[in-house]
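Colleague: Take a look at this one; I'll ask things after.
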Amino acid sequence: MGKKRGRQMNKSIVLGLLLAMLVPTAAFADGHVSLGGDVRLRYEYSDSAGLDNGLSARTYINLGAKIDDNTQFTSQVRHGYVFSSAGGTGDNFDIQQSYLSMADLGSMAGYLGGWSLDIGRMNNPNLGSGRVVNSADWNQLNGPNNHDGLKLSSTLGGVGFDLHYWGGNDGSDSNAMIFNFDLGDMSGFANVGFYYVSAGGPGAADPGWMAFNIDNIGGDALMGLDLGIEYVSYDADSGGDDGTLTSITVGYALDQFNLHVSNSVTDDLWASVNGDPHGTHGIADITAGLATGVADIDNMTIGVSTDALMEGVGITLNYITLSTDSTGADLGTEMDLILDFSCGSLGYASFSADGGGLVDTDYIYWQSSYDF
């Protein structure tokens, strides 16, 4: 009885929020309000315990309101549901995003000209490969990683700059500050960016990350060859050694096929603000079950992708080998096949375990999205 009353209360709260969101339509009846959304359905099956099995859905209702030429309000309500969950435990409502955007703060004070501001609840930024901070848009029930805070942005002499600050959504003392610089192709040989992340909380330690990203090295001069490097240093602020992440990627366009090879290594001292995005180490996300989490993983990936074999279908094939960085011990290999359609994707993964407490796993999913 208590669970039923709680579910009814949650639905009443969300209904009230949706009605409140629609109130501005009276004030913006001249067409400055947009209302829409999307539904994403996904079926997953795995023969290994600990991975999702069954059907789930995620629904977004999006509201955009143009207050004036300089100010915009955006709100997004999310409902996640796992159909296979007993007793309704897979039912989840939340306000995913709700923030105010000002395109130019110069309208408030002249010396702030050229700066923009977003303030409220927003999805986390995707910085570099997302191995430190990301929104990770794979989770059906809980949605992407988000935060309550602000973002200041500007372009200074051709350098893009973002300042993010946020606190914990749970009302705790946890917080994060990000300084993100994007040099674009100013260097003349690559797209260069770097960022610094500082995280704090109720404890004494204030860990930090310094990251450098260099993409498209050589630009068009390498005739279809795309080189990229990512290096991140992690300071746990505990008096010990720093953790590191190093990633090298090579891509090559050969007629209608795109070949790619990458190697990423995190040492045993590595940690991140958010976990690795889905698919970083294969679509079965085997490493999520490791005791080391995102640390101490050496990943070698070889793959090919094309849309030339079947009309309207993109095909990606990846072969991944995983081992521990500290000992060199093999963890296993995974073969991924992903088919992308206009309305969704179909993926199959076969993982063969070599150690680390992992087991052989076959995993398949079908995902489809619809806008309304």
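The values are calculated or read from the model by the stated rules, or taken from the named source; none is laboratory data. The structure displayed is predicted, hence computed values, not measured ones. Quick reminder, even Gly has a Cβ in these numbers, built from the backbone with ideal geometry, and neighbours come from all protein chains shown. These accessible areas exclude ligands, DNA and RNA; they are computed on the full protein's heavy atoms, side chains included. Shrake-Rupley method; radii C 1.70, N 1.55, O 1.52, S 1.80 Å.
Colleague: Could we say that residue 91 is closer than 20 Å to residue 161 by Cα and among the acidic types (Asp, Glu) here?
Modeller: no
Colleague: For the stretch 308-319, does any single residue satisfy the condition of being more than 25 Å from residue 41 (Cβ to Cβ), surrounded by 18 or more Cβ atoms within 10 Å (Cβ to Cβ) and in contact with an Asp or Glu (Cβ under 7 Å, 6 or more places away or on another chain)?
Modeller: Checked against the condition, which is being more than 25 Å from residue 41 (Cβ to Cβ), surrounded by 18 or more Cβ atoms within 10 Å (Cβ to Cβ) and in contact with an Asp or Glu (Cβ under 7 Å, 6 or more places away or on another chain), the stretch 308-319 yields no hits at all.
Colleague: A follow-up question, please. Which condition number in (1) in a strand (DSSP E or B); (2) surrounded by 15 or more Cβ atoms within 10 Å (Cβ to Cβ) is the one that residue 155 fails?
Modeller: So residue 155 meets the others, but not (2).
Colleague: How many of the residues in the stretch 216-262 are among the acidic types (Asp, Glu) and open to solvent by less than 80 Å² (accessible area, probe 1.4 Å)?
Modeller: If we filter the stretch 216-262 for residues that are among the acidic types (Asp, Glu), which is where we start, we get 220, 226, 230, 235, 237, 241-242, 255.
Narrowing the set further to residues that are open to solvent by less than 80 Å² (accessible area, probe 1.4 Å) leaves 226, 230, 235, 237, 242.
Final tally of qualifying residues: 5.
Colleague: Find the residue count for the stretch 99-113, including only residues that are in contact with a helix residue (DSSP H, G or I) (Cβ under 9 Å, 6 or more places away or on another chain) and within 20 Å of residue 66 (Cα to Cα).
Modeller: 3
Colleague: Kindly indicate whether residue 242 is in contact with a Leu (Cβ under 8 Å, 6 or more places away or on another chain) and over 30 Å from residue 312 (Cβ atoms).
Modeller: Criteria met by residue 242.
Colleague: Checking residue 106 against (1) closer than 28 Å to residue 197 by Cα; (2) buried (at least 16 other Cβ atoms within 10 Å of the Cβ), which single condition isn't satisfied?
Modeller: (2)
Colleague: Is it true that some residue in the stretch 307-319 is in contact with a helix residue (DSSP H, G or I) (Cβ under 6 Å, 6 or more places away or on another chain) and either under 25 Å from residue 270 (Cα atoms) or part of a strand (DSSP E or B) (or both)?
Modeller: No, the stretch 307-319 contains no residue that is in contact with a helix residue (DSSP H, G or I) (Cβ under 6 Å, 6 or more places away or on another chain) and either under 25 Å from residue 270 (Cα atoms) or part of a strand (DSSP E or B) (or both).
Colleague: Next question, about the same structure. In the stretch 263-285, what residues are open to solvent by less than 20 Å² (accessible area, probe 1.4 Å) and within 23 Å of residue 361 (Cβ to Cβ)? So that I can check it myself, show each step before the final result.
Modeller: Let us first name the residues in the stretch 263-285 that are open to solvent by less than 20 Å² (accessible area, probe 1.4 Å), namely 264, 266, 270, 281-284.
Matches in the stretch 263-285: 264, 266, 281, 282, 283, 284.
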